[in-house]
Amino acid sequence: MIWFQRKQIRQALQLVIALVGMLSFALVSASPAFAQPGTPPSALDPRGPNSQAIATLFTVVLIIAIVIFAIVEGLLLFSAWRFRSKAGDTSEPKQIHGNTRFEIAWTIAPALIVIALFVLAVNTLQTINPRPITANSDQLTVKVIGHQWWWEYQYPDLDITTSTDLVIPVGKVVNLQITSFDVIHSFWVPQLNGKTDAFPNRINASWIKADAPGTFYGQCAELCGPSHANMRTVVIALDQADFDRWVQGQKTNPAAATGDAAKGEQVFMTGPCIGCHTIEGTAAQGSCKPEDQTTGRVCGPNLTHVGSRTSIAGGTLNNTAGNLRRWLADPPGIKAGSKMPNLNLSQQDIDALVTYLTSLQ
Ligand code: CUA
């Protein structure tokens, strides 16, 4: 019966189409379009030992799966062709049942493959498991705090608090103590680590290490509200000397504002901004504190050195005067659900604020 053969061919074609579809979806999801310039991040383009271990495991498992797929589909297609019904032949094919040797073989072979995958996975876990925190100078600890919708970074040993830009030294293990201020987020920089959930009132540990200087983009990987897609981050890996310079800069309060920047400072200090933001060395001390988790007070990022960061608005916009203007004019228009409301600032105030914030290097 020709009809039966056509159905088999159609099913095989449907399977191939479904597989191609799934593969393209996986590739597209691995390469989100970012507002920032640079290579779209891919977990298959690792730049550190943690993500390297994950990418290697993925590749090995993929190769094993492709070989199994080719053998199984090859045998299926061969059998369908070899034992197809022939015109005029209405007899039943030879019926066979049971072959102990085959049955033992196809029970043991998959079991061995599954054991091999288990060993490979456990081995990878050993590599990506959190590193024990030591006083070792080859390590750095950063507390990573997810907020709706931006990432806060605290360096407890260096007394630095920043957001969106995570600056790290090349070649050092950076221990991440990941938590959340509000809902569940997930910290993921595909080229440096695997996804790690950020829960409120709990610390999940992970680590990253960059092999060379570079910029690596990250994306919150757990649906966390209307601006989940706008919750981005960037990891900037610097040589030790550049990193030390950055630390020095961050530990020094910005110089007193003068000229137009001083006008902006006045707008900042006399307006609603100080209710939610902190600028060290000034009266603005409104950024999120641990107790705000229970009080529900709205709070925002520490802006002490906002002028030195590469991006604003949770990593949605590059940090340029034009983008700052756009952001200050209508935050919820840029980032849906933004906790920072539209303050209906005058153009004059926006210009002054942009000059001031840009001066906070
Ligand atoms: Cu935070 Cu999604």
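One table, with the values for the structure above:
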{"quantity": "Per-residue [θ]222 nm for the chain (sum of -39500 (n - 2.57) over DSSP H runs n ≥ 4, rounded to 500)", "calculated": "-13500 deg cm²/dmol"}
{"quantity": "Cα long-axis angle, helix 100-128 against the chain (0 to 90 degrees, to the nearest 10)", "calculated": "10"}
{"quantity": "Dipole of the chain, positive direction: furthest Cα of Val119, Asn99, Gln52, with charges on the beta-carbon", "calculated": "Asn99"}
{"quantity": "Accessible-area ranking of Met269, Met231, largest first, probe 1.4 Å", "calculated": "Met269, Met231"}
{"quantity": "1.4 Å probe accessible area per residue over region 259-358, in Å²", "calculated": "45"}
{"quantity": "Relative contact order for region 259-358, counting Cα pairs under 8 Å that sit 6 or more residues apart, in percent", "calculated": "32"}
{"quantity": "Exposure of Ile133 as accessible area (Å², to 10), given a probe of 1.4 Å and all protein chains", "calculated": "90"}
{"quantity": "Area accessible to solvent at Arg325, 1.4 Å probe radius, in Å²", "calculated": "90"}
{"quantity": "Charged-residue dipole, Cβ positions (Lys, Arg, Asp, Glu), the chain about Cα centre, Debye nearest 20", "calculated": "1400"}
{"quantity": "In Å², nearest 10: area of Glu73 left accessible to a 1.4 Å probe", "calculated": "40"}
{"quantity": "Among Val235, Val119, Val16, residue whose mean-square fluctuation peaks in a GNM of the chain (springs only between Cα atoms under 10 Å)", "calculated": "Val16"}
{"quantity": "Pairwise centroid distance, computed over Cα atoms, of region 256-283 with region 75-121, Å", "calculated": "74"}
{"quantity": "Unpartnered cysteines - no second Cys beta carbon under 4.7 Å - across the chain", "calculated": "Cys220, Cys224, Cys273, Cys276"}
{"quantity": "Between helix 347-359 and the chain: long-axis angle, C-alpha atoms, 0 to 90°, nearest 10", "calculated": "80"}
{"quantity": "Listed pairs Lys251/Lys335; Lys143/Lys209; Lys195/Lys339; Lys172/Lys195; Lys172/Lys289; Lys143/Lys289 exceeding 22 Å between Cα atoms", "calculated": "Lys251/Lys335; Lys195/Lys339; Lys172/Lys289"}
{"quantity": "Surface/4 estimate of mean projected area, convex hull on alpha-carbon atoms of the chain, nm²", "calculated": "24.7"}
{"quantity": "Accessible-area composition of the chain, carbon plus sulfur, in percent [1.4 Å probe]", "calculated": "63"}
{"quantity": "0 to 90° range, to nearest 10: angle between helix 2-29 axis and the chain longest Cα axis", "calculated": "20"}
{"quantity": "Coil-residue chymotrypsin sites (Phe, Trp or Tyr not before Pro) of region 62-106, DSSP, other Cβ within 10 Å capped at 13", "calculated": "Phe83"}
{"quantity": "Peptides 337-344, 290-297 ordered by average Cβ neighbours within 10 Å, highest first", "calculated": "337-344, 290-297"}
{"quantity": "Protein-only accessible surface order, largest first, of Lys209, Lys195 at 1.4 Å", "calculated": "Lys195, Lys209"}
{"quantity": "Mean accessible surface per residue for region 62-211, computed with a 1.4 Å probe while every protein chain stays in place, in Å²", "calculated": "60"}
{"quantity": "Where only C-alpha atoms are counted, convex hull volume of region 315-361 per residue in Å³", "calculated": "76"}
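The values are calculated or read from the model by the stated rules, or taken from the named source; none is laboratory data. Quick caveat: nothing in here was measured; it's all calculated off a predicted structure. FYI the Cβ positions are ideal-geometry reconstructions off the backbone, even for glycines, and counts take in every protein chain you see. Note: areas computed on protein heavy atoms with side chains; ligands, DNA, RNA excluded. Shrake-Rupley method; radii C 1.70, N 1.55, O 1.52, S 1.80 Å.
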